[in-house]
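The values are calculated or read from the model by the stated rules, or taken from the named source; none is laboratory data. If you're wondering where the values come from, they're calculated on a predicted model, not measured in any experiment. Because the Cβ atoms are built from the backbone with ideal geometry, glycine has one as well, and the counts that use them run over all protein chains shown.
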Amino acid sequence: MRVAPGEPLQRILDRVPPGATVRLAPGVHRGPVVVARPLALVGEPGAVIEGDGRGVVVRVRAADVRIAGLTIRGGGGDLTALDAAVFVERSAARVRIEGNRIESPAFGVWLDQAPHAVVRGNRIHGDPRRRSQDRGNGVHLYYLEGALIEGNEIWETRDGIYIDNSRRCVLRGNRIHDLRFGVHYMYSHDNRVEGNRTTRTRTGYALMQSRGLTVVGNRSEGDHNYGILLNYITYSRIVGNVVRGVRGQRGHATGGAAVAGGEGKALFVYNSEYNEIRGNLFADSDIGVHLTAGSEDNVIVGNAFVANRIQVKYVASRQQEWSRDGRGNYWSDYLGWDLDGDGIGDRPYWPNDAVDLLLWRYPLARLLMHSPAVRTLRWAQEHFPVLRPPGVRDSHPLMRPPPLSEALS
């Protein structure tokens, strides 16, 4: 059935038979609307559903609904009321939201306990006139099972994709830029984050209070605080990702809000254990990796740390060995040699020493960096490793960076 602008869209949606396709002609169709029976609501090029500036524009209540090819705009901006361009209720299993242009000052798509949802190929844009904290998330997953969020572009929302208490979901191939957190995980287990790209966010991948994550083949380029943040993450795989150019910039505008100064950490691991961090590239950042708060029982091997101002920041009382089965990581500032030509350095790599520890704990000590005392201390540690404090040691550093394809195979 084809609907022209000005026809009573809600009345038509209430009367068509289940399984029907309602096709909207180009032009503005007045919302809000509620989809309470299984159907396809499809827009021809130029078709718009526009709300009245309050609440939700399209609310989905029925299972097996498809919303495709539309521009959806004109929703409310009340985050407490969960205003959204598209709100999917728990009764709407197997909803498909595909190929839409979604504009919202609050949430773009809110998925509320609806199992096996698909959100694919949409362009979701927030309101840059609002402060970052006053916007909603691009796609918000709440208590979902088996969702697929794929191939979307999301920008100038609060967070790109926020996933809360959801299991066995896949976030794949999304492009997320100019906002706070690109992908934000909270209390969500056994999920997969694959092939996404974040740019100019405060944190590309903020993974928190979750376990059993597979984070593979993602990119973070030019983000500011952290490329990948692991906060209370356990039994997860961080494999084959590329993080470049994470640098703190005072006064930089991210998603319409000024940043007071980014941390500049390609990877930040906080109180996270029993994870595999393998085959990643961490490059051109202020800090390659910062571990703290007991993040000691992780496997960190086969990664490449290239041209970071500080390769590793680690302050603890326990020695960390970053190699396994005779294979470690690649370090662009490694000064050792490989006499037998097996691709493994003949001497260990130590990224930090007692001077680094002193500077992290007492920043004002930088005034003594070039003093004879500091130079003597570093010389002594170089020649007498027993004087080194506990930290990271790579006993088998790689002489060449491993290809990402090796990690992904």
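Going by what's in this entry, would V301 be described as over 18 Å from G245 (Cβ atoms), in contact with a Ser or Thr (Cβ under 8 Å, 6 or more places away or on another chain) and at pLDDT below 90? No. Restricting attention to segment 108-146, the residues that are in contact with a strand residue (DSSP E or B) (Cβ under 6 Å, 6 or more places away or on another chain) and closer than 24 Å to Y187 by Cβ add up to 21.
Of the candidates S295, S236, S220, S285, the single residue that is buried (at least 20 other Cβ atoms within 10 Å of the Cβ) and modelled with pLDDT under 95 is S295.
Could you please find all residues in segment 229-248 being assigned to a strand (DSSP E or B), among the polar types (S, T, N, Q) and over 24 Å from D286 (Cβ atoms)?
Going residue by residue through segment 229-248, those that are assigned to a strand (DSSP E or B) are 229-234, 237-239, 242-244.
Still in the running and among the polar types (S, T, N, Q): 231, 234.
Once the filter is applied, which keeps residues that are assigned to a strand (DSSP E or B), among the polar types (S, T, N, Q) and over 24 Å from D286 (Cβ atoms), segment 229-248 yields only T234.
Restricting segment 10-29 to residues that are of a type in the set (V, I, T) and not in a loop (DSSP other than H, G, I, E, B) leaves a set whose member that is nearest to D64 (Cα to Cα) is T21.
Is segment 52-69 home to any residue that is on the phi > 0 side of the Ramachandran plot, within 35 Å of the chain's Cα centre (by Cα) and charged (D, E, K, R)? Yes, segment 52-69 contains a residue that is on the phi > 0 side of the Ramachandran plot, within 35 Å of the chain's Cα centre (by Cα) and charged (D, E, K, R). Look at segment 110-135: where a residue is in a strand (DSSP E or B), no partner that is modelled with pLDDT under 95 and surrounded by 17 or more Cβ atoms within 10 Å (Cβ to Cβ) sits 6+ places away or on another chain with Cβ atoms under 7 Å.
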